[in-house]
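The values are calculated or read from the model by the stated rules, or taken from the named source; none is laboratory data. What you see is a predicted model, and the numbers here were worked out from it, not measured in a lab. Cβ placement follows ideal geometry from the backbone for every residue including glycine, while neighbour counts extend to all protein chains displayed. Just the protein is used for accessible areas: all its heavy atoms, side chains included, with ligands, DNA and RNA removed. Shrake-Rupley method; radii C 1.70, N 1.55, O 1.52, S 1.80 Å.
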Amino acid sequence: MAQVVELTRYRRANPPPPPPPPGAGGAATIPPSPVPRGRTTVFAIVVALFVAGAILLMVPLAIVMNLLAIIAAALVAIYLVFYGLALNQILFTTMREGTGRFVMDGGPDGAFNHLLWAWKGHYSNDPRMPWFDPHAPAWEILDLKLTTNLWLHQHPKVMPSNYPPGSVWRLFEKVGLYWFGFPPRAIHRYMFEWTEEKIDAEGKHMPWHRKEPTDFIFLMDNVYWMKLEGAETNGNIPLDVDYLLTVGVNNPIKARFGQTNWLTSLGADSNNAAKRWIGDNTFQAIAKEQGTTGTTSGFVVEIAELNDNLPTHHATIGATELIGATVKGASLQKIDPADSANREEILKATTAPVIAELNAQATRTTADAEAYRIRTVYGESEGNTDRMRQKQWEAMRDAKGTVFWIPEVIANFAQRFGAPQPQGPQQPPQNPQPGAPPAGP
């Protein structure tokens with residue numbers, strides 16, 4: 001019985017080895033020790049460099065230089081070929097900073113496929129990409145620094161692009177070439193009409209009206225020249241007003257395909273807002289606003305409300321959401337009475353109070369400055385010899401003709417001990433100058 005107990009204890013302390021896997025022929029299999037992938041990669045690079053160095057040592061230097069020159073020439077030729085294709089918008093295209101292009105299926109006027117964009121620090125909310133945010137409008141242009149995109153915060157090393165992470169087309173994008181696909185896929189071309197600011201030969205700011213085909217859209221802020229005719233002021237004076245409107249496109253798909261011309265739509269709402277503001281103000285108040293661009297300008301505040309509230313869609317939707325464009329600023333450039341026959345009379349009557357107020361303000365400013373100078377330079381000159389001398393010196397400096405300097409000691413002596421002045425009426429001069437008024441009462 002004791003032997004059985006001892007045998008049981010031995011088997012528990014020394015269990016038998018596991019059976020070999022099937023097909024191993026009864027031989028024990030020892031698993032290989034794992035090798036870190038990083039060490040394997042470094043080892044492969046070292047071996048490759050060693051082999052390349054050995055080959056270069058055996059090959060003459062002239063042959064190596066020729067091979068390098070051939071490789072460089074081939075790369076340049078390939079780039080020029082691709083660049084030539086991009087200039088003709090075949091397979092590839094080029095992009096200006098702050099702009100976008102529309103890629104269409106079935107030719108330039110086909111169906112929209114996707115957007116190409118180029119704007120550092122921004123990205124498009126592309127539905128095809130892993131960083132697409134369903135809470136933001138599709139194709140919305142977003143600021144990378146202000147983004148709350150969860151996927152981008154979870155992948156900080158991945159920069160948004162026109163192509164998904166790992167795509168070979170990202171390499172072409174870095175050298176300014178943008179792949180958009182094989183024909184019949186093409187870049188969209190459309191007619192656009194706008195007016196921009198232009199400086200003529202005399203240095204004056206003038207409107208430049210343009211209407212021409214284009215194949216891109218501005219995403220960054222751009223300045224447009226707007227004109228409003230016949231808007232009446234609070235005093236029933238009709239005005240022709242020219243103003244600049246700074247606009248950035250926040251959603252190019254809405255801007256291009258939501259209406260025929262997004263700038264025409266925005267310009268109509270902008271003129272309605274400007275007309276309402278002019279009707280609430282006098283000509284004098286409007287003239288003071290000219291050239292003002294800050295938040296203190298009532299005109300700027302009125303125009304900025306278009307982003308949240310369009311006159312054509314009152315209290316329902318704004319330009320940012322409906323048109324896909326955001327007003328960034330406005331500035332009055334030119335204000336003219338619309339009644340050309342009485343233009344001079346209207347300007348004279350309406351600007352006279354403004355000019356009088358400005359002149360009065362300038363006079364007050366000059367008087368205050370002179371009073372301050374007198375107090376600062378002279379102070380209380382009564383009994384102050386140094387300040388009295390300063391006043392005498394300025395009187396001599398500003399005097400015209402010959403000035404004789406009388407020492408102060410002699411002047412005081414003459415005033416105290418000099419002969420008394422004769423009393424009574426003065427005698428007229430013996431030889432008066434021609435043209436002088438007669439002496440006496």
Quick one: length gained pulling residue 67 to residue 138 fully straight, 0.36 nm per residue minus the C-alpha distance? 20.7 nm
At residue 193 and residue 234, where each label point lies 7 Å from the Cα along Cα→Cβ, what is the point-to-point distance in nanometres? 3.6
Whole number please: convex hull volume per residue, Cα atoms of region 33-162, in Å³. 215
Given 227/328; 198/334; 227/254; 145/328, the pairs whose alpha carbons are separated by over 22 Å: 227/254
Which length gain, in nm to one decimal place, applies between residue 146 and residue 202 when the Cα-Cα distance is subtracted from 0.36 nm times their residue separation? 15.9 nm
Subtracting the Cα-Cα distance from 0.36 nm times the residue separation, let me have the gained length for residue 96 to residue 214 in nm, one decimal. 41.2 nm
Per residue accessible area of region 215-285, 1.4 Å probe, in Å²: 38
Highest first, please rank the peptides 90-98, 197-205 by the mean number of other Cβ atoms sitting within 10 Å of their residues. 90-98, 197-205
